[in-house]
Amino acid sequence: MSGRMRRVNEALRAVVSEGVRDLQDPRIGFVTVTDVRATADLRTAKVYVSVLGREHKQRAMLEGLESSRAILQQRINQELRLKRTPVLAFEYDPTVERGVRLTRLVDDLSPGDPDARER
């Protein structure tokens with residue numbers, strides 16, 4: 001990935017992150033935009049998002065983001081001077097959830113834990 005595309009992706013991530021916070025859709029709670037990857041021609045951009053919660057909450061959040069896509073694209077168009085405004089596609093990113101789960105496992109096995117030695 002070129003330096004230009006990295007800067008474009010980071011700018012898109014910043015604008016979308018800020019825009020998501022301003023959305024009024026009740027399905028969209030505390031959402032973290034973890035990454036954005038635009039195609040080289042800027043026609044599309046995948047927005048990776050994470051939210052802690054059960055599968056139904058994740059599905060509802062993705063539906064809320066999909067319904068707010070035009071608002072977020074308009075914000076990108078207003079704030080960034082790009083040749084094209086990419087069409088956003090939202091995908092759930094499980095890495096934050098995995099990290100939390102791994103942290104819990106490590107904490108459960110910490111050396112100061114007398115129960116850890118018995119397992």
Selection within segment 20-30 - within 22 Å of R81 (Cβ to Cβ) and either among the aromatic types (F, W, Y) or more than 12 Å from the chain's Cα centre (by Cα) (or both)
D22
I76 being assigned to a helix (DSSP H, G or I), open to solvent by less than 70 Å² (accessible area, probe 1.4 Å) and either closer than 24 Å to S2 by Cβ or of a type in the set (V, I, T) (or both)
yes
Residues that are assigned to a helix (DSSP H, G or I), modelled with pLDDT under 80 and surrounded by 12 or more Cβ atoms within 10 Å (Cβ to Cβ): does segment 108-116 have at least one?
yes
Can you find a residue that is in contact with a Leu (Cβ under 7 Å, 6 or more places away or on another chain), modelled with pLDDT of 95 or more and not polar (S, T, N, Q) anywhere in segment 25-39?
yes
Surrounded by fewer than 13 Cβ atoms within 10 Å (Cβ to Cβ) and at pLDDT below 95: does that describe E10?
no
Among what's in segment 1-42 and is in a helix (DSSP H, G or I), aliphatic (A, V, I, L, M) and touching a residue at least 12 places away in the same chain (Cβ under 8 Å), pick the residue that is farthest from A70 (Cα to Cα).
M5
When the residues of segment 79-93 are narrowed to those that are in a loop (DSSP other than H, G, I, E, B) and free of Cβ contacts under 8 Å to residues at least 60 places away in the same chain, which ends up least open to solvent (accessible area, probe 1.4 Å)?
D93
Search result, residues across segment 51-61 that are under 18 Å from R98 (Cβ atoms), part of a helix (DSSP H, G or I) and among the aliphatic types (A, V, I, L, M)
M61
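The values are calculated or read from the model by the stated rules, or taken from the named source; none is laboratory data. These figures come from a predicted structure and were not determined experimentally. Because the Cβ atoms are built from the backbone with ideal geometry, glycine has one as well, and the counts that use them run over all protein chains shown. Quick note on the areas: whole protein, heavy atoms, side chains included, nothing else; ligands and nucleic acids left out. Shrake-Rupley method; radii C 1.70, N 1.55, O 1.52, S 1.80 Å.
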